[in-house]
Amino acid sequence: MYRSNILVCGGTGCTSSGSEKIISKLWKEIKIRGLEQEVNVIKTGCFGLCSLGPIMIVYPEGSFYSMVQVDDIAEIVEEHLLKGRVVKRLLYKETLDGEKIKSLNETAFYSKQKRIVLKNCGLINPESIDEYIAMDGYCALGRVLGKMSPRDVIEEIKMSDLRGRGGGGFPTGVKWELTAKSEAEQKYVCCNADEGDPGAFMDRAILEGDPHSVIESMAIAGYAIGANKGFIYVRAEYPIAVKRLNIAIEQARNYGLLGQDIFSSGFNFDIDLRLGAGAFVCGEETALMSSISGKRGEPRPRPPYPAVKGLFDCPTLLNNVETYANIPQIILKGASWFNSIGTEKSKGTKVFALGGKINHTGLVEVPMGTTLREIVEEIGGGIPNGKKFKAAQTGGPSGGCISIENIDIPIDYDNLLSIGSMMGSGGLIVMDQDTCMVDIAKFFLEFTVDESCGKCVPCRIGTKRLLEILNKITSGNGTIEDIDKMEKLCYYIKSNSLCGLGQTAPNPVLSTLKCFRNEYEMHVNKKKCEAGVCKSLLRYEIIEGKCKGCTLCARNCPVSAISGFVGMPHEIDSDKCIKCGICMQKCKFDAIIKH
Amino acid sequence: MKTLEELKKIRDEARKNINVRNNNPNDIKVLIGMATCGIAAGARQVMKEFINQVDKKNIRNVTITQTDCAGSCEYEPRVEIIFPGNEKATYVNITPEKVSRIIDEHIINGNIVKEYTIGWNN
Amino acid sequence: MKMVNLKIDGVKVSVPENTTILQASIVAGIHIPTLCFLKDVNQIGACRICVVEVKGLKSLVASCVYPVSEGMEVYTNTQFIRDSRKITLELILSTHDKKCLSCIRNGNCELQKLCSDFGIDDENRFKGEKIRFIKDESAIHLVRDNNKCVLCRRCVAACKKQNVGVINVNERGFDTKVGCAFEKDLSDRSCVSCGQCIASCPTGALSEKDSCDEVMKAIYNENKYVIVNTAPSIRATLGECFGMPIGTNVKGKMVAALRRIGFDKVFDTDFGADLTIMEEAYEFLDRFQNNGKLPMITSCSPGWVKYCEYNYPDLIPNLSTCKSPQQMTGAIIKTWYAQKFNISVKDIVVVSVMPCTAKKFEITRENQAASGFPDTDISITTRELARLIKCANIDFELLQDEEFDSILGDSTGAGVIFGVTGGVMEAALRTLEEALEGKPIDRVDYTEVRGNKGVKEAVYNISGKNISVAVVNGLENVPEILDEIRSGESKYSFIEVMCCPGGCINGGGQPIHNSYTRQINDIIGKRMKAIYSEDKNLPLRKAHENQAIKMIYDEFLDNPGSEKAHEVLHTNYTKRNKF
């Protein structure tokens, strides 16, 4: 027994900011002080507050240390672990209330959250099946196999009103039912862990922090639909997730929680991993299955749907990681518990990867129906440097922008659709006043153009041409006709593309056109980018009256675009200027402006 | 894994190791003075003994942690025991040999070991 | 069969369930335009030309793959669909080289036709970045020009269907292109040169390597004695290049045209086919009676032979050692015929007109030069012949029928049916049965091996012995039969394999029809019919009855399978590595 546990985040974010080194240093310092029998160090999954990493929590006190450096470790061990004195200077500021130390759950970041799928993330050692079991892990599978018929399981999931968390929001129970109804000798259960939206890392966090929840859930799904084999399709770019999944699968096999005759029920189920090479389109269900079966990862037209003809042409159930992570909780706590959370048509919680211009970038899980304002201003801690909120982007490259007018709309599947965005997998990028919406549309479109599989014409060529028009506009060569042409092309691509990737590719353009058409027009008519992002439209100018002729700007200009005599006002040659902005940063007299 | 009971056994065993993370307000708190004075007087051995005994006796609802110097260094090693919602009881000049009795009488059966508390001798 | 009722553009139709909207629309008399769709080959819904509106669905759907359902309401010609198709075409054009006038498929291009049908008025509406591709001219039989490729993937599907699968899609998104694995040249891959990819291509991205100029150069060279011979199937297909109905036999006009072009002699490869039967039937007889390697497998389809060398090298001993009719014809021309008519072999140019691009490869094979010179010098396809005729100011339709030159223009019905799947087997059986029975037999038709099924099998009791035969129609069906030989379970004694589905009448060098024509016509069936009716109407229908053949054995070859025959008419094969 350990009197104290130190949980150190071993998620991807904290790992890259050095949590591995911190763990080894912790052990070293603990051993020096002979505490190794009393204090245990546990590497966990993501805590959520990624911007503050590396993060650690010391229990039983629950002291939350953020941005911990290796050099801080000796102090923490000596003071906190040995002597019981919390090292206040390293505590997460929000947990400090004067002299009082608040629990983490009382901070703004956590208090509004409701953790169902992330409940074990940051709390258990994901490489220990025992710790998962200690949190009632595999109890749901035991209950399902012992007391429920496949029909009962499907009914329970249907009653919960759980909808697919991968983006589309299709009712999960209905999907299970359809696959269960397909008659075939062989069926498969697949897990979509090919998270590809830029900035989204919900699924990665679950796999890194609580891999067994997905494994348990897939076994439950296998039982419900009549499949004995599962595949997890995970990106090779998620090495930590892959490693922990492999460990978890091996542990589950050793405990007989995967394999033959699980819980003496006669039910057999096993899972294999398949690593994806990171093509965005492989998140599309038919492309994913094509890739698992060793073929080029490309979508095919539906129907037939995977429930009828999926992996290796067999009926296949595919859910994403976050969807699966909900299942054991629904089984254990009941459908009515689950559907008491959320809005009328969207039940439960949603995990968002909060990014962009926001103080607390990281991972948050909130009940459906939480408003964007709550997420941005309360949980996310608002926008840095006192800047103003301009818009938030949800749904990644398939989604759209939510402007300030809609900041108080409760977020759920249907509301987001109605305002021209979509839930997507849960990326939420906050943009402030310095963001150019045309540039944002371009950013997402560049992504889609890169990631198009190239099978159908609208996506392969259409998005490319769309991007070319956007480039024309942001470089100051656009015409008002280009905007119309672009809009027409958008609607064409939406309704003509083969798969969801193409059908949603124009959304970032359409939604910015809808909410920020004036910005497009400004770029075209006045050749002006108000946010000052589109370099081609920028002009740097030296205000004669303010310039002291100190030559600092001229000496720092990388292309020698600034000239002038010492002590005399300088001048910028706008033909030479590459708009890097260094002169403006260097000027001590605020004599340089951009417009 | 053959039965749910088997799973529950593993669960109960595993919970021992993660209980400390629950920060459960209903836990009985054992606080051991671990300032320089406490350590010098042998508080480390006392703490180790508490951990050993609690583990051996399979007691689940106890949190063992440290507390700071209380200003009366001559009483160290000092142990405070707090039942949820109750006043704390403070034991002084505790040695590892005394730990077992505190656990049996106080933590398990709820009877304060009066002769170890402060002021008993006075 | 469960029927489904639906409405297409207001027309009520009732079709079996699992029918696609595209199929159902034909019933309603509606021709939905397509580009990537190719019946039985490619149904992937990629090009989006065939999109239609289905009431209740948000997006347009690809009619080539979308199944009908009860009560469905489909619209194929709304303003939105029309606009969409037009944009699709304009987008394709933005990546296409648009060099129609110099394109081999000018006038027979599906993209060109769609643009015309949809009234494309600005081919540069979506002008933008365009990738310049270097042509792949590495292979001996074809040229790939991806500057004309629309990425319909029909070639990829055709190649895969042939069990060859050497081409696929490389890269992704805008950079997508069709090519070989690791961007290798086609010649570095186990391509069998069947040309089915060319026949599937809707544009000029794939074409045979054209030898027309080479042929005309020989003809214009007064020192050269240029002899042409035409394969059995050419007469059944050539007319299609001149707008005649599919299945028109144009033998007489073809011969006349070849004379007008200026060939010194016009022979018939059917003669070579008869000769092949003599050698092949007796080779089989020898193996059958003397415990030779069985089953014996035919070797006249060069695509198949190459496939065998790549994929079943262990079965090379099962291949007949007979050269193909093309090569036998050439070999006899350059040996016996040259001697007999005192023509200098080095001045003879043998041109063969073949339904096949693999024949271009076959003439370059080792051990195919009985006279010391290549048996055949130039092998052209049906399409190239049509081009030669068009270039030579000939009005094909007005030509009067003419006869092949004697004596290598003589042939029997056995040679004619070489052009269809099952034909070689039937021709062989006609000779085999008489040889085994040792007397004339009435039976001529062996209908069990006819037809367009993937695998045909039959057992014939000849002279008290059961001979079990199989006909493999297209490489698609090869593994099914050949894997049995490998595992020692094959029950057959004699197997015919044709590389192309349907046999030579559907070879990779035959006239190309657009997807819609292929959808609504049984092209193979019609061409087959032309072949069998010629066979039926010939006075001689068994190879050994061919008088020219008899004369050549008497004067030159002795007996079938003789040492001389082996020297002139047989060859060998080598294992080829796939990578």
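Derivation of every value follows stated rules applied to the coordinates shown; laboratory data play no part. All values reported here derive from a predicted model rather than from experimental measurement. Reconstructed Cβ throughout: ideal geometry from the backbone, glycine too, with neighbour counts over all protein chains shown.
Could you list C:Arg576, B:Arg78, C:Arg443, C:Arg541 in order of exposure, starting from the residue whose Cβ has the fewest other Cβ atoms within 10 Å? Intermediate values should be presented prior to the final figure.
Working: C:Arg576 14, B:Arg78 27, C:Arg443 10, C:Arg541 20.
Going from least to most buried by this count: C:Arg443, C:Arg576, C:Arg541, B:Arg78.
Under 14 Å from a point 7 Å along the Cα-to-Cβ line of A:Arg89: which residues of region A:1-15 have their amide N that close?
Flagged as within label range: none.
First obtain the Kirkwood hydrodynamic radius of chain C from its Cα pairs, then insert it into the Stokes-Einstein equation at 4 °C and 1.567 mPa s, and state the resulting D in µm² per second as a whole number.
52
Within region A:123-276, what percent of beta bridges assigned by DSSP are antiparallel, to the nearest 5?
So the antiparallel bridges amount to about 20 percent of the total.
In nanometres, what is the gap between the two model label sites at C:Lys491 and A:Arg33, each 7 Å from Cα along Cα-to-Cβ?
So the two model labels end up 8.4 nm from each other.
Go through A:Lys455/A:Lys514; A:Lys442/A:Lys535; A:Lys21/B:Lys48 and tell me which ones have a Cα-Cα distance over 22 Å in this structure.
Table pairs above 22 Å Cα-Cα are A:Lys455/A:Lys514; A:Lys21/B:Lys48.
What percent does the relative contact order of region A:129-339 come to when contacts are Cα pairs within less than 8 Å and at least six residues apart?
So the answer I get is 31 percent.
Quick check: the angle from helix B:4-18's long axis to the longest principal axis of chain B, C-alpha only, nearest 10 degrees?
The two axes meet at around 30 degrees.
Counting only DSSP beta bridges with both residues in chain A, what percent are antiparallel, rounded to the nearest 5?
Around 55 percent of the beta bridges assigned by DSSP in chain A are antiparallel ones.
Counting helices only, and only those DSSP H runs with n ≥ 4, report the 222 nm mean residue ellipticity of chain C as the sum of -39,500 (n - 2.57) divided by its residues, in deg cm²/dmol to the nearest 500.
Taken over chain C, the calculation gives -9000 deg cm²/dmol.
Viscosity 1.306 mPa s, temperature 10 °C: give me the Stokes-Einstein translational D for region A:335-422 in µm²/s, with Rh taken as the Kirkwood radius over C-alpha pairs.
The Stokes-Einstein estimate is 119 µm²/s.
For chain B, what does the equivalent ellipsoid look like in terms of its semi-axes, each the square root of 5 times an eigenvalue of the Cα gyration tensor, given largest first in whole Å? Let's see the in-between values first.
Values: eigenvalues 180, 42, 33 Å².
Each semi-axis is √(5λ); the values are 30, 15, 13 Å.
Which entries in the list A:Lys100/A:Lys388; C:Lys340/C:Lys390; C:Lys135/C:Lys334; A:Lys43/B:Lys16; A:Lys93/A:Lys345 go over 26 Å, if you measure between the two C-alpha atoms of each?
Exceeds cut-off: A:Lys100/A:Lys388; C:Lys340/C:Lys390; C:Lys135/C:Lys334; A:Lys93/A:Lys345.
Given labels modelled 7 Å from the Cα in the Cβ direction, how far is it in nm from C:Ser533 to A:Lys102?
9.3
Antiparallel as a % of all DSSP beta bridges within the protein assembly as shown, to the nearest 5?
Given both bridge residues lie in the protein assembly as shown, the antiparallel proportion sits at roughly 55 percent.
Where a ≥ b ≥ c are the square roots of the eigenvalues of the C-alpha gyration tensor, would you call region A:4-108 rounded, which needs a/c under 1.5, or, failing that, prolate if a/b is larger than b/c, or oblate?
Working: a/c = 1.74, a/b = 1.14, b/c = 1.53.
Oblate shape, in that a/c is at least 1.5 and b/c is the bigger or equal ratio.
Take every Cα pair under 8 Å in chain C that's 6+ residues apart, average their separations, divide by the length, and report that relative contact order as a whole percent.
16
Compute the acute angle (0 to 90°) between the alpha-carbon long axis of helix A:480-496 and the principal axis of greatest extent of the alpha-carbon atoms of chain A; round to the nearest 10°.
10
Going down the table (C:Lys360/C:Lys542; C:Lys12/C:Lys55; A:Lys546/A:Lys586; A:Lys175/A:Lys464; C:Lys217/C:Lys359), which pairs top 23 Å between alpha carbons?
C:Lys360/C:Lys542; A:Lys175/A:Lys464
For the residues A:Ser511, C:Ser187, what sequence is obtained by ranking on other C-beta atoms within 10 Å, fewest first?
Arranged by neighbour count, lowest to highest, A:Ser511, C:Ser187 become C:Ser187, A:Ser511.
Assuming 1.002 mPa s and 20 °C, estimate D for region A:396-488 with Stokes-Einstein, Rh taken as the Kirkwood radius over Cα pairs, in µm²/s.
Numbers: Rh = 14.7 Å.
Calculated translational D: 146 µm²/s.
Just the Cα atoms of the protein assembly as shown: what Rg and Dmax do they give in Å?
Cα only, the protein assembly as shown: 40.3, 143 Å (Rg, Dmax).
Label-point separation (nm) for A:Asn268 and A:Asp71, each offset 7 Å from Cα along Cα-to-Cβ?
6.0
Any chance you could give the angle, 0 to 90 degrees and rounded to 10, that helix C:423-437 forms with the longest Cα principal axis of chain C?
Its long axis makes an angle of about 30 degrees.
Order by neighbour count: A:Thr479, A:Thr343, fewest other Cβ atoms within 10 Å first, most last.
The order, fewest Cβ neighbours first, is A:Thr479, A:Thr343.
Classify chain A from the C-alpha gyration tensor, please: rounded if a/c falls under 1.5, else prolate or oblate depending on whether a/b exceeds b/c.
Here chain A falls in the oblate category.
Putting +1 on Lys and Arg Cβ atoms and -1 on Asp and Glu Cβ atoms, find which of B:Tyr116, B:Ile10, B:Val20 reaches farthest to the positive end of the dipole of chain B.
Of the candidates, B:Ile10 comes out farthest on the positive side.
Quick check on chain A: helices-only [θ] at 222 nm, where DSSP H runs of length 4 and up contribute -39,500 (n - 2.57) each and the sum goes over total residues. Nearest 500, please.
Result for chain A, helices only: -10000 deg cm²/dmol.
Rounded, prolate or oblate: pick one for region A:129-339, where a ≥ b ≥ c are the square roots of the eigenvalues of its C-alpha gyration tensor, a/c under 1.5 means rounded, and failing that, prolate if a/b is larger than b/c, else oblate.
rounded
Using a Förster distance of 45 Å, how high is the FRET efficiency between B:Ala40 and A:Ile247, based on the Cβ-Cβ distance and rounded to 0.05?
Efficiency computed from Cβ-Cβ geometry: 0.55.
Just to verify a number: FRET efficiency for C:Asn572 and C:Lys113, C-beta to C-beta distance, R0 = 35 Å, to 0.05?
After rounding, the FRET efficiency stands at 0.15.
In peptide C:45-53, how many Cβ atoms from other protein chains are near each Cβ within 10 Å, on average?
Details: counts 8, 10, 5, 12, 2, 0, 4, 0, 1.
For this peptide, the per-residue mean of nearby foreign Cβ atoms is 5.
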